[in-house]
Amino acid sequence: MKIAFVCPYDYFRPGGVQNHIRSIARALVVEGHDVTVIAPRIAGNEGQPENGVTVTLVGSGRRMNFNKTQMEFASISGQEKQKLKRWLSEQKIDVFHFHTPWASIMSLQLLSWSKGSARIATFHDTPPDTFSGAVTRKVFKVLSFLLYRYLDRVIAVSEAPARHLYKSGQKPIHIVPPCFDLSPPTIISRHANETRIRIFFVGRLEPRKGVADLIRAFLLLTDEGLPIHLTIAGDGDELDSLKALAGKHLGERIVFLEAVSDQEKNESFSHSDIFCAPALYGESFGIVLVEAMNSSLPVLGGDNFGYRGVLQEKSDTCLFKPGDVSNLAQKLKKLVLDENLRKELGEWGQMEAEKYDCKNWLQPLLEHYNAAIKVKAAG
């Protein structure tokens, strides 16, 4: 089968959606399918294709802040537009799989130009609980209604984004969680002489991720004399203010790695004791939680809709009230002081993460592709 993924974001920037696309694309190639990823051309986003996946960068885009998060908005114009249209007609792609198609003009253009192929869209977005988020949810219902005419299959990664889509009897919403290449897992390998408990965060440094609350909770625990260390990996608009908040502990107890590759992220997982994702809202699933769990790390996350779906079985221990620094510090302290609890949660997490391995979702996804092809053929 010839499959094209359309990624609306910088494909070579670390991110949950990008990791999901990379993993499933590699798994499909291993199974003998011809896979291309089409993504926006962003300044500085050059990268290397891997494991037989062709990566095609098109259009031009720029990063913008929207709904308190960073996104890339891209479009295709001029001679490249005509060249790409010819390329699409020559490729005879069986299935176009769009991810968050309304995130860029580029995706909408490709949706319009790919009418000769079966078209599937996976929706990831969960707007924040703000006024702008409420407006966005209403817009999502209208946009999804308009997009359904172009789609042969509709997928959401969880019930969180599904709640904001138009409900149609003719185009039911299928829940297919993100899946990843989780083998072999990265196992914790700490230095024997390390006495401090190492806490790790990775993600964009923006308000909705709650990193400021994590630092405040960490400072409360250091004031109590707990032997802890915090590593924060990622970049974003809050970087300078977060460094200032770290104060005298910056560089000693609190280290910023800024942007990290997937390999560096996995190495950080393996050298940590606790993973904390203090997101306040806007999480549709919890991709980074699964990645940490696969490394046998106990995880602690904000009690938002997406994270609850991943951690529901251990919600009393692994979730805290978003925005409540005291509650975060309390839950974090419990994990810091209880080595047996960390081990128990790490073992549970690694088994739980296996649910999201690509090998468990490749066949169901191919069934969706074949169903979409049949719908397209039926006209």
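The values are calculated or read from the model by the stated rules, or taken from the named source; none is laboratory data. Given the structure is predicted, the values throughout are model-derived calculations rather than measurements. Please note: Cβ atoms are built from the backbone with ideal geometry, for glycine as well, and neighbour counts cover all protein chains shown. The protein model used for the area step is the full one, side chains on, heavy atoms only, and it has no ligands, DNA or RNA in it. Shrake-Rupley method; radii C 1.70, N 1.55, O 1.52, S 1.80 Å.
Laid out as a table, the results:
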read-out: At R0 = 56 Å, FRET efficiency that the Cβ-Cβ distance of R196 and K81 yields, to 0.05; value: 0.55
read-out: Acute angle (nearest 10 degrees) that the helix 325-337 long axis makes with the longest principal axis of the chain, alpha-carbon atoms; value: 70
read-out: Between segment 104-143 and segment 222-295, the Cα center-to-center distance that results, in Å; value: 30
read-out: Candidate residues S132, S168: accessible-area rank, largest first, probe 1.4 Å; value: S132, S168
read-out: Segment 176-302 - Rg and Dmax from Cα coordinates, angstrom; value: 14.2, 45
read-out: Rounded to 10°, Cα long-axis angle of helix 358-378 versus longest principal axis of the chain; value: 20
read-out: Rounded tilt (10° steps) of 16-30 against the dominant C-alpha axis of the chain; value: 60
read-out: Area of Y148 that stays accessible when all protein chains are in place (1.4 Å probe, Å², to 10); value: 10
read-out: For segment 113-225: rounded, prolate or oblate by the Cα gyration tensor [a/c cutoff 1.5]; value: oblate
read-out: Compactness index (Cα Rg / 2.2 N^0.38 Å), segment 241-379; value: 1.28
read-out: Solvent accessible area, Å² - E339, 1.4 Å probe, full protein context; value: 130
read-out: Too-long pairs where the Cα-Cα distance tops 26 Å, listed order kept, from K115/K374; K81/K115; K115/K209; K92/K138; K243/K355; K331/K359; value: K115/K209; K92/K138; K243/K355; K331/K359
read-out: Dimensionless Rg over Rh [segment 190-245; C-alpha; Kirkwood]; value: 1.01
read-out: Debye log10 I(q)/I(0) at q = 0.24 Å⁻¹ for segment 212-274, Cα point scatterers; value: -1.11
read-out: Expected 222 nm ellipticity per residue - DSSP helices of 4 or more, -39500 (n - 2.57), all of the chain, to 500; value: -12500 deg cm²/dmol
read-out: Estimated translational D of the chain in µm²/s (Stokes, Kirkwood radius over Cα pairs; 20 °C; 1.002 mPa s); value: 99
read-out: Relative contact order of the chain, pairs being alpha-carbon contacts under 8 Å that are 6 or more residues apart, as %; value: 16
read-out: Rounded accessible area of E90 (nearest 10 Å², 1.4 Å probe); value: 130
